[in-house]
Every structure is written in structure tokens, then in C-alpha cells.
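Everything on this sheet refers to the single structure shown next.
The values are calculated or read from the model by the stated rules, or taken from the named source; none is laboratory data. Just so it is clear, the model here is predicted, and its values are computed rather than measured. A quick note on method: Cβ atoms are made from the backbone with ideal geometry, for glycine too, and the neighbour counts reach across all protein chains shown.
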Amino acid sequence: MGKKIKIGALISGGGTNLQAIIDSCAAGNIDATLVFTGSDNPEAKGLDRARRAGVETFVVDYGKIIRTLKQNSNALAVPDDFDLKEVQHRQTLFSASTDHEKITAFLRSRAIAERALLDYILPHDIDLLVLAGFMRTLTPYFIDHMNTVPGKWKIMNIHPALLPSFPGTDGYGDTFRHGCKVGGCTVHFIDYGEDTGPIIGQRAFEITDEDTLESIKKKGLALEWALYPECIQKFAENKI
Ligand code: GRF
């Protein structure tokens, strides 16, 4: 086993991928120590998985922040180092035709939430942040605070489809409804776009006439649990 890297995780839900990562670290299949698990969702079941493994947890309640700002857009202060023009210029989440006010409100609210995430994350000085079912889009404000060395990606994600097909929140659903005969999952780095960053690994499965959305989710998740730890180990070994 090589030198251990420090990783942190962000989740929103059940955390079965998180569990696979925790188990792989414990089994020595990943040369990494998981030092925290954060969530945007106070109810995320995966937080219990982290606690059971003795991993520090935290929550930045995105829902609450967004609701507060909807009632009064000045109720919470944006971070001192937030430059709206700069972030707007870098982001590739919205097209040029999207309503300007909508983009501004989105980027301001996310910067407030992301600053809170960074306040937890940065003191840990991690080598890699893994998104394991984290259902919030990260903006350039957050990404630039993490990726401080040019060309060195520090945020990894697992996506439930064979990218670049079916980006977005419902990869298995979109694959199934499109009538695909093959589905799969992708591990990639996070860049400024929606599921557009460099691909690290992929696994595919066959979809037969007997399959349902439920059965393809099951097939996909089983592959995710193997693929994600493999990709993290590749990162730990500096082989990406
Ligand atoms: C997984 O399918 C992952 O690809 C997607 O969200 C789901 C999370 O599942 N991003 P879990 O919380 O790891 O069980």
C-alpha cells in the first residue's frame, strides 16, 4: 500500500456510494483516509453511514439558504471574495439567452452556500473531494477555491449514465426512457459545466426487454460501487 491521500465526500441522499468508499478504505483497497462527509440535506441517510464509520459530518442546508433568499434577497451576505461578473463569465451552466436575473440569483445563493461548504472543507487540506450522490451544482466560485493548481483537478463525481449522453439529475431514467440497449455509469472530474469534465472511468451494462427502471438502477448502482473506489485509487496512485 502506498502513501494515503486525504479525501472528503459530499452527499445528498442514501450514500451507498459513500459506503462503498468507506468500505474500500477500511479494506485497504483505496489508499485514502476519509476525513469528512458533508451534505446539503440535513436528512441525508448517508450522514449516518459516515457517523457509524467514525467520520466527521457537517451540513450546509441549501434548501434553507435558498428559501431565505427568495423571501429577501439581501437577508444573507455574499462572500467578500465573490465577484459576480467573474463567476458569470466563467460559468457554462446557463446559455446566453437565460434570464440575467435568474442567473444572478442562482450564482449569489450558491456562492453563499458554497462559502459555508468551503469553511468546513478547506481547513482539512484534502487531496481530493468526492461527490457521491451530491445533487447540487457547484459553481466556478467553489471550483476555483478547490482547484488552485492549474491542470490539477481535485473534485471527482459519479454520474449514472454513459457521459456525454444524459447529463443532469436523472441519468438512469433518461437512459431507460430513451430506449437505450446499453446503460452505464461514469466517474469524471468536475469542471464548470454540467457533467462535462474529463472522464476517468466508465462501466456499461446491457438493457434487455425484461428490464425496468428499477432493475437498471440496480445494475447501474452495483457497477458504481466498484468503479468509484477504483477511480479514487487510480488518483491516489497518481495514475490519472
Ligand atoms: C447514484 O446513482 C449516483 O450516480 C448519482 O446519485 C446516486 C447516489 O446514490 N449521482 P447513493 O446516495 O450513493 O446511494
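Some notes on this structure:
- Of Met135, Met156, all but one fail to be within 11 Å of the chain's Cα centre (by Cα), farther than 21 Å from Gln233 by Cβ and outside any helix (DSSP H, G or I); the exception is Met135.
- Qualifying residue in segment 182-203 (condition: within 23 Å of His89 (Cα to Cα), away from the ligand (no atom under 12 Å from the Cβ) and of a type in the set (Ser, Thr, Tyr)): yes
- Residue in segment 223-233 that is away from the ligand (no atom under 16 Å from the Cβ) and more than 25 Å from Gly14 (Cα to Cα) present: no
Okay, residues lined up against (1) modelled with pLDDT of 95 or more; (2) among the hydrophobic types (A, V, I, L, M, F, W, C); (3) within 14 Å of the ligand (Cβ to nearest atom):
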residue	(1), (2), (3)
Ile7	yes, yes, no
Gly13	yes, no, yes
Ala20	yes, yes, yes
Phe36	yes, yes, no
Ser39	yes, no, yes
Pro42	yes, no, no
Gly63	yes, no, no
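- Members of segment 178-195 found to be more than 20 Å from Leu18 (Cβ to Cβ), of a type outside the set (Asp, Glu) and either touching a Leu at 6+ places or on another chain (Cβ under 8 Å) or in a strand (DSSP E or B) (or both), listed by number: Val182, Gly183, Gly184, Tyr192, Gly193
- Residues satisfying the stated conditions in segment 114-152, i.e. among the hydroxyl-bearing types (Ser, Thr, Tyr), away from the ligand (no atom under 16 Å from the Cβ) and touching a residue at least 40 places away in the same chain (Cβ under 8 Å): Tyr120, Thr139, Tyr141
- Selection from segment 34-47 of residues that are out of contact with any helix residue (DSSP H, G or I) (no Cβ under 8 Å at 6 or more places or on another chain) and touching a residue at least 12 places away in the same chain (Cβ under 8 Å): Pro42, Ala44, Lys45, Leu47
- Sole exception among (1) more than 12 Å from the ligand (Cβ to nearest atom); (2) closer than 30 Å to Ala96 by Cβ; (3) in contact with a helix residue (DSSP H, G or I) (Cβ under 8 Å, 6 or more places away or on another chain); (4) of a type outside the set (Phe, Trp, Tyr) for Asp31, by number: (2)
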